[in-house]
Amino acid sequence: MMTDPISDLLIRIQNATRRGHKSVTVPASRLKGELLRILKAEGFITEYERVTADGHPALRIQLRYLGERQPIITGLRRISKPGKRVYTGRRNVRPVMGGMGLTILSTSKGLMTDQESRRASLGGEVLCCVW
């Protein structure tokens, strides 16, 4: 039984990039799809698509690399966990690595990056950081 599907997604992406895989398949959910939409818009992944794996809905993620084996995603960190939720106010949303990375927040208007939440003046649950 999986208790944290977001951590599962991030770990699978991290493991696949470390092994140099071109793609990785994860079980599908609406939240994971929104998170992948943000990663694609920010240029961390090439593409993602809904597929069926063993009769269950899944998401196939095409990973992005610089050159042969240098992954774009060098680090992922899950911030808010099921055992310890982390929330931030609109004034406390900070850039990751001087703006080179991004923080993904779950706000009342849906998932947003740290830049979008500062523009919209919204705080929320800090899901993860990607750099």
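Values quoted throughout were computed directly from the atomic coordinates according to the rules given, and no laboratory measurement underlies them. Values in this document were obtained by computation on a predicted structure and should not be read as measured data. Cβ: placed from backbone, ideal geometry, glycine included. Neighbour counts: every protein chain shown.
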(request) Quote the Stokes-Einstein diffusion coefficient, in whole µm² s⁻¹, for the stretch 76-130, based on the Kirkwood radius over alpha carbon pairs, a temperature of 25 °C and a viscosity of 0.890 mPa s. (result) 225 µm²/s
(request) Could you give the size of the charge dipole of the stretch 5-71 about its Cα centre, using +1 on the Cβ of each K and R and -1 on the Cβ of each D and E, expressed in debye and rounded to the nearest 20? (result) 100 debye
(request) Please report, in debye to the nearest 20, how large the charge dipole of the chain is about its Cα centre when each Lys and Arg carries +1 at its beta carbon and each Asp and Glu carries -1 there. (result) 320 debye
(request) Give me the angle, in degrees from 0 to 90, between the Cα long axis of helix 5-19 and the longest principal axis of the Cα atoms of the chain, rounded to the nearest 10. (result) 60 degrees
(request) Calculate the spin-label point distance for R50 paired with Q62, positioning each point 7 Å from the Cα along the beta-carbon direction, and give it in nanometres. (result) 1.9 nm
(request) Working from Cα positions, state the angle (0 to 90°, nearest 10) between the long axis of helix 30-41 and the longest principal axis of the chain. (result) 90 degrees
(message) Just to be sure I understand the model, the point goes 7 Å from the Cα along the line to the Cβ. What's the resulting R30 to M97 distance in nm?
(response) 3.2 nm
(request) Please report Rg over Rh for the chain, where both radii come from the alpha carbon positions and Rh follows the Kirkwood definition. (result) 0.96
(message) Over 25 Å between Cα atoms: which of K32/K109; K84/K109; K22/K81 fall into that group?
(response) K22/K81
(message) Could you give the length gained by full extension between K81 and E42, i.e. 0.36 nm per residue of separation minus their alpha carbon distance, to one decimal place?
(response) 11.7 nm
(message) Can you compute the charge dipole magnitude of the stretch 76-130 about its Cα centre, using +1 on each Lys and Arg Cβ and -1 on each Asp and Glu Cβ, nothing else charged? Give it in debye, rounded to the nearest 20.
(response) 160 debye
(message) Based only on other Cβ atoms within 10 Å, what is the fewest-to-most ordering of D54, D114, D4?
(response) D54, D4, D114
